[in-house]
Amino acid sequence: MSGISNKAAMAEENIPNMRVIRVGTRKSQLARIQTDSVVAMLKALNPGLQFEIIAMSTTGDRILDTALSKIGEKSLFTKELEHALEKKEVDLVVHSLKDLPTVLPPGFTIGAICKRENPHDAVVFHPKFVGKTLETLPEKSVVGTSSLRRAAQLQRKFPHLEFKSIRGNLNTRLQKLDELQEFSAIILATAGLQRMGWQNRIGQILRPEECMYAVGQGALGVEVRAKDQDLLDLVGMLHDPETLLCCIAERAFLKHLLYLTGGVWSLDGSDSIQETMQATIHIPAQHEDGPEDDPQLVSITAQNIPRVAQLAAENLGISLANLLLNKGAKNILDIARQLNDAH
């Protein structure tokens, strides 16, 4: 405890108490809840600092009539926030980690990854289907999801269902489910529903063999300017070591456990490759690799986590990606992209 308190005090000393730390976030209710939770943790560690939350809309929030996969942007929910960060209109930005590309624009880094909540996907059913599961839904029932990842995996597992894109924030998607009579169920992240206090709407949590969750899902990331050492020190206290290492491995896999399972699917779910790799990662009590500069692994800066553990996690993700590529994953992904572009 004393070590944490001392480091927190040092970080606070580097930032004058009269300075207000401006925190950027999306405008949605869930984004605000997530940002408020991060700010609360920072306030607890740094009671002398003040924080101001600045909310803004992103491309992904504004374009709601097109499937995410069709828009073609790699930073649908981050670009405007990063622009404000670049212009120093905000000092840090809170994201759902799954929304952050594996390579950030030059000059930015993820300075903190908070403890992960349940990363799995959840099914929310239309009121008339409460008590059902995806397996027991009637033939040709329509299930809404904004994710090709979810649709491809679930189409393979539940071929009797139809999957259709649904866009909007959590409030909007739940309203569409309940009022439009178009969807029998929708798929959402369990963590988001829990943070909103809507656990009672969860009808089914999907097991990994049914649907593997997205890279970084369930974790919050804090993005800062890479050269702002005072802010890196400030937010770095929020790193959760286990979550950090898991997310380094997952992001490294996506870019080229710890126990890591990864897979690729054709859009209709008929073709897939899935593999699992395992690595033992020792996290020493003290740094064993000396005081050399810590690397930015998959755009993450974690100076208080041993470099050897971070590199082991990254290498695991890369090795799993290479294994899948050697078994034909590139061909499956190329065909999936071509089909998606054609539609």
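Descriptive notes on the structure:
- Ordered from largest to smallest accessible area (heavy atoms of protein chains, 1.4 Å probe), the residues 195, 167 come out as 195, 167.
- Gap separating the Cα centres of the range 78-136 and the range 307-339, nearest whole Å: 21 Å
- C-alpha center-to-center spacing [the range 143-182, the range 193-258] in angstrom: 22 Å
- Of 43/87; 43/255; 27/88; 140/255; 140/327, those spanning more than 28 Å from alpha-carbon to alpha-carbon: 43/255; 140/255; 140/327
The values are calculated or read from the model by the stated rules, or taken from the named source; none is laboratory data. This is a predicted model, so every value here is computed, not measured. The protein model used for the area step is the full one, side chains on, heavy atoms only, and it has no ligands, DNA or RNA in it. Shrake-Rupley method; radii C 1.70, N 1.55, O 1.52, S 1.80 Å.
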